Amino acid sequence: MKNNDLVSIIIPCYNQAQYLEESVQSALVQTYTNIEIIIINDGSTDQSLKKAESFFKNNPVTHSIISQTNKGLPATRNKGIALAKGTVIALIDADDLWHTDCLQTFYNLYKKYPEAHFYGLDYIEKYSYNNRLETKKNLPNQLKNTSLLINDFFVANKFQSIVCQSTIAFKRDLPEPIFFNEKINYAEDVDFYLKYLTKYKLAYHYKTMATILCNVPGQITKTGIHNKTLPNLDQYEKLHPKNTSLKKYLDFKRYMYASQYKMMRDTINFNKMIDGINFKNLSSKQTFLLKCPL
């Protein structure tokens, strides 16, 4: 397949000098070569900026390195998206790694499924050198190594997400602007999915195409939910009141967030979170865990 279309790669970076080189290198060795790389340095205080600048001294690939005061991950991604010139925009975090055919697979999905606006790939999670986890997705095993149009993202994504922010791409020209909510600093990816995948189709290739590092200090998932701004789940439920699969997905997310609030003994936020749950959408074990006293 001819590489006729430019693909933009957005790499947000905040104090990830230790991991950035491998991440950028995984973008530079892609089999799809008509690319531009945009690195947004989000006010790093380590050697991230210096490292980023060194990668392109002897590499002719089109690139931009933009530095800004620290604004957080959603704003950093938004900056990169605003600068992107590609037909397709792909995101990769500075501590994740793409496999060499990742961009070509995104592009194949773009060409094969014109009705889709978003493109997703499977991934593995890496916790240590010898501990890699291929998470179980809510998709039939016989679909592995095939591509498909996801009919209902929130059924496929109910438990373990079928995509992550380093395995999702999208058309630059959508009927509406693509952006992350900059007020959210926990689960901004969930808000992104709720905003767009309730309205647009996702084409998916069910094959591992990226390695997601899960042992990086300072990751949001490690710092916890305390004092964080979460997606407004109630808002999306009101916008799509007849979408039963979305309601089940939202209730599962409420369960996950409520469980964290319960462990922190944050009764105010715990009660707010469980108030919107239809407990028929949870398992008996999940219901027990929420309702039993600490």
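The values are calculated or read from the model by the stated rules, or taken from the named source; none is laboratory data. Fair warning: this is a prediction, and the values are worked out from it, not measured in the lab. Note: ideal-geometry Cβ built from the backbone for every residue, glycine included; neighbour counts use all protein chains shown. Side chains included, ligands, DNA and RNA excluded: accessible areas come from the protein's heavy atoms. Shrake-Rupley method; radii C 1.70, N 1.55, O 1.52, S 1.80 Å.
Ellipsoid fit via the Cα gyration tensor, segment 119-174: semi-axes of 21, 16, 11 Å, each the root of five times an eigenvalue, largest first. If R0 equals 35 Å, the separation of the Cβ atoms of Lys280 and Asn141 corresponds to a calculated FRET efficiency of about 0.80. Beyond 32 Å between alpha-carbons counts as too far, so tell me which of Lys51/Lys253; Lys207/Lys262; Lys71/Lys253 fall in that bin. Flagged as over cut-off: Lys51/Lys253; Lys207/Lys262.
Seen against the Cα atoms of the chain and their longest principal axis, helix 73-83 is set at about 40 degrees. Shape class for segment 139-238: oblate, because the ratio a/c of the largest to smallest gyration tensor axis (alpha-carbon atoms, square roots of eigenvalues) is 1.5 or more and b/c is at least a/b. Extension gain, Asn34 to Asp152, is 39.3 nm, computed as 0.36 nm per intervening residue step minus the present C-alpha separation. A straight line joining the Cα centroids of segment 130-160 and segment 259-294 runs 26 Å. The Cα atoms of segment 198-294 give a gyration tensor whose axes a ≥ b ≥ c have a/c of 1.5 or more with a/b no greater than b/c, which makes the shape oblate.
When the solvent-accessible area of segment 62-124 is split by element, carbon and sulfur atoms take up 53 percent of it, the probe being 1.4 Å. Among the listed pairs Lys112/Lys195; Lys183/Lys247; Lys242/Lys280, a Cα-Cα separation exceeding 18 Å is found for Lys112/Lys195; Lys183/Lys247.
Compute the separation of the alpha-carbon centres of segment 1-60 and segment 165-181 and state it in Å as a whole number. Here the two parts' Cα centres lie 19 Å apart.
Computed from the C-beta positions of His226 and Lys183 and an R0 of 22 Å, the FRET efficiency is 0.80 to the nearest 0.05.
The angle separating the long axis of helix 244-263 from the principal Cα axis of greatest extent in the chain is about 80 degrees.
Counting only alpha carbon atoms, the long axis of helix 17-28 and the longest principal axis of the chain meet at about 70°.
Looking at the chain, the accessible area is 49 square angstrom per residue; that uses a 1.4 Å probe and ignores ligands, DNA and RNA. Distance distribution P(r), the chain, all Cα-Cα pairs, bin width 10 angstrom from 0: 6, 27, 35, 23, 8, 1, 0 percent.
Output the antiparallel fraction of DSSP beta bridges having both residues in segment 34-174, as a percent to the nearest 5. Beta bridges within segment 34-174, antiparallel portion: roughly 55 percent.
Model label points for Thr267 and Thr62, set 7 angstrom from Cα along the Cα-to-Cβ axis, are 5.9 nm apart.
For a Förster distance of 41 Å, can you work out the FRET efficiency between the beta-carbons of Lys50 and Asp173, rounded to the nearest 0.05? So, using R0 = 41 Å, E works out to roughly 0.70. Once the chain from Cys292 to Asn130 is taken as fully extended at 0.36 nm per residue, the excess over their C-alpha distance is 54.6 nm.
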